[in-house]
Amino acid sequence: MKEDFAKRIEHLRHDIRRHDHLYYVMAQPEISDQQYDRLFTELKDLEKAHPEFVTPDSPTQRVAGQPTHGFAQVRHSSPMLSIDNTYNADELRAFDARVRKILGPNTEYDYVVELKIDGLAISLRYENARLVTAATRGDGVTGDEVTPNVRTIKSVPLVLHEKKSVPEIFEVRGEIYMPTSSFTALNQARAAVGEPLFANPRNAAAGSLKLLDSSITATRKLAFFAYAAGEISEEVADTHWDLLQAFKKFGLPVNPHIEKAADIDSVIKICEKWDAKRKDLPYQIDGMVIKVNQLNLRETLGFTGRAPRWCISYKFAAEQAATKVLSIEVNVGKSGIVTPVAIFDPVALAGTTVKRASLHNFEELARHDIRVGDTVIIEKAGEIIPQVIEVKTDLRPAHTKPYKPPQNCPVCSSELVKDPQGVYLRCLNTDCLGTLNERLIYFAGRDQMDIRSVGPALIDSLVSSGLVNNFADLYKLKKEDLLSLERLAEKSASNIISAIEQSKHQPLSRFITALGIRHIGSQSAEILANHFGSLDAIINADIETLETLEGIGPILAKSIHQYFRDPANIKVIHQLLAAGVQAKHTSQKASSALEGKTFVVTGTLQDFSRSEIEQAIKDNGGKVSSSVSKNTDYLLAGAEAGSKLQKATELGVTVIDEEEFKKMLASDKPKQKKPLREKGLFDA
Ligand code: IVH
């Protein structure tokens, strides 16, 4: 009897998966929504009656999902690279000429041309055809583990088809995106309840994927296209085209508009065609991606810095729009910098309505002579941030006047001060409420205290309601305080309180960064934390010691010293500590494989950028130095290594290459499976 239920459950799952694939991937449903719902309800009921048969890959498990706490970090088995950009036909021809030059006149090759989907890259790891992890690109080397959220995306198969022919380890890379219609609907719904709007579908997709509660992700209608392979335990194709066909066979969605091109002229034609047609697509693309089709040629072609030479993107020119400047407002930023902002007659541009744009600083404003009443041409930099690129002086109405910069802070009225050599006007009042907002936004930001769900809109109401007057006040907030704010629901209030609570454990370096000390970003904060080891020691450091630290010059030293001599700052720090913020130094070592060893890196590496390799050395307990000396343990030499290599040889320093370096790392982690294919072939 029990076996019968198990059989029926398996049968239903199989059917539902097939219909999901037909509906979400092939866009060719075979049954009506009602019929589908019937199957789904039957499965749900059976699983409810027999919970012992519920498995995580059941189609019923897509929707809900346990809230995750923060995100674990995943180290990609092969780095997720970026692509170099081209902007016109000549640059595409130059790309092809380089490919031809490297491969020689007798090698035959062709291209695959794909749409460049404007979403975010994801790496899906299937083991024995089951989805085991999904990770964002992150910095290319490590990303956030977002598996529960990705499981809610219907076009991502939880189990691959043709299980027997799927390699045991099968890592697929692709783009998660939000279709334009879902994006518009989402923003409309958010506007209706006064929530902040997403600037574009890419931000909306990224925001939806990084939610701690996957049941909300499930409502966001994200979708996925596969376009590359990561680690794969067995080859499935010789060409990229055939790889994409294999993806389809395994049930993965591949964009239907992929095309083969025999030569660069055909590539250019396809790119131009899509530049004209992109408006008709149901999702946004920001260009095209062109890939050498023959996978065996990829190794020969190699890499430059962090991008492969077998792949290039063709970016479409940014869309432009003309609009009128209605007024020029003045904003106060985190460090008191006062910036002019143009307010426009709202205009549609590249998928969003643009109402304002930063004019950066008053010198820039004067240089363009932007006046209230002017008609200006705006463009989106990187398709996101609107910028004024031209003033139509011929359309200027009579009697306009050049804009006069303010002399006082628009928020607290203190006199503004001009940076000695710089172009900025600054409000120096540390208690200015204008700077408080921005400082709090930065404090709570992702790379600082990372207080998820405390964003600009909430901070705005916390400050204007008087609940928060400094960083420490955040930690004094109670759920009731939050509930007293308009439009904040019980559940959001609890989430906010627990996010604030969690942030107390952020390490010392993030805490120092979060304070927003002038000139002190995450790198300098890390230097301070590593050197001094405790908050007390940093606060008490004298200026001479600070100045001598590698990476901290006199300007930074002075800024740090000054900051901690201000009693107002110390008072807030004490309050933060009293509220339970730990600010403890933790070394974030992945392993001690390189403990105590000093490395110098030179030449171009294949799989790491310069900052990635330096991070990898530090993460594993090693030190990085910029010049070769007798204290250097290893010179890690990439392609085209120059004088450093010579010096190392002279001094008898051990020279290693990238492969040997990777072996050193792996030697400390016997349990971690080594990627079977680390080099170029299938990297993405
Ligand atoms: S291939 C080494 N193909 O563009 C090649 N990327 O600017 C790896 N993207 O991070 C990527 N559509 O997020 C590739 N058809 C496509 C793509 C695509 C969008 C994104 C991807 C990547 C970024 C590079």
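Brief remarks on what is shown
- Gained length - Glu234 relative to Ala579, 0.36 nm times residue gap less alpha-carbon distance: 118.8 nm
- Restricting the GluC sites (Glu not before Pro) of region 82-118 to loop positions (DSSP other than H, G, I, E, B) with no more than 13 neighbouring Cβ atoms within 10 Å leaves Glu108.
- Filtered trypsin sites (Lys or Arg not before Pro), region 564-671: DSSP coil and at most 11 other beta carbons within 10 Å: Lys630, Lys671
- Taking all Cα pairs closer than 8 Å and separated by 6 or more residues, the relative contact order of region 506-566 comes to 33 percent.
- For region 611-666, the alpha carbon positions stretch 28, 21, 18 Å along the principal axes, listed from largest to smallest.
- Set of aspartates and glutamates with alpha-carbon distance to Lys491 below 16 Å, sequence-local pairs under 8 removed: Glu195, Asp213, Glu480, Asp481, Glu501
- The relative contact order of the chain, computed from alpha carbon pairs under 8 Å that lie at least 6 residues apart in sequence, is 12 percent.
- Cα centroid of region 231-283 to Cα centroid of region 618-660, whole Å: 41
- Applying a 4.7 Å Cβ-Cβ cutoff to the chain leaves Cys271, Cys311 as cysteine residues with no disulfide-compatible partner.
- For the peptides 214-224, 395-405, 145-155, 252-262, the ranking by mean Cβ contacts within 10 Å, running from highest to lowest, is 145-155, 214-224, 252-262, 395-405.
- In this label model, Thr545 and Ser643 are separated by 3.6 nm, measuring between points 7 Å along each Cα→Cβ vector.
- Take the Cβ atoms of Asp213 and Ser484, set R0 to 30 Å, and the FRET efficiency comes out at 0.80.
- Gyration tensor verdict on region 338-398 (Cα atoms; rounded if a/c is under 1.5, prolate if a/b is larger than b/c, oblate otherwise): oblate
- Among the listed pairs Lys269/Lys324; Lys7/Lys164; Lys334/Lys380; Lys558/Lys630; Lys476/Lys618, those beyond 28 Å (Cα-Cα): Lys269/Lys324; Lys558/Lys630; Lys476/Lys618
- Assigned charges on the beta-carbon of Lys, Arg, Asp, Glu; region 58-171 dipole about Cα centre (debye): 380
- Three-way shape call for region 475-613 based on the alpha-carbon gyration tensor, with the a/c threshold at 1.5: oblate
- P(r) of region 123-267 over all Cα-Cα pairs, binned every 10 Å from zero, in whole percent: 11, 37, 31, 16, 4, 0
- Shape of the chain, Cα gyration tensor, a/c cut at 1.5: rounded
Quick note: the coordinates plus some simple rules give every number you see, no bench work behind them. Nothing here was measured: the structure is a model prediction, and the numbers come from that model. We place every Cβ from the backbone using ideal geometry, glycine too, and count neighbours over all the protein chains shown.
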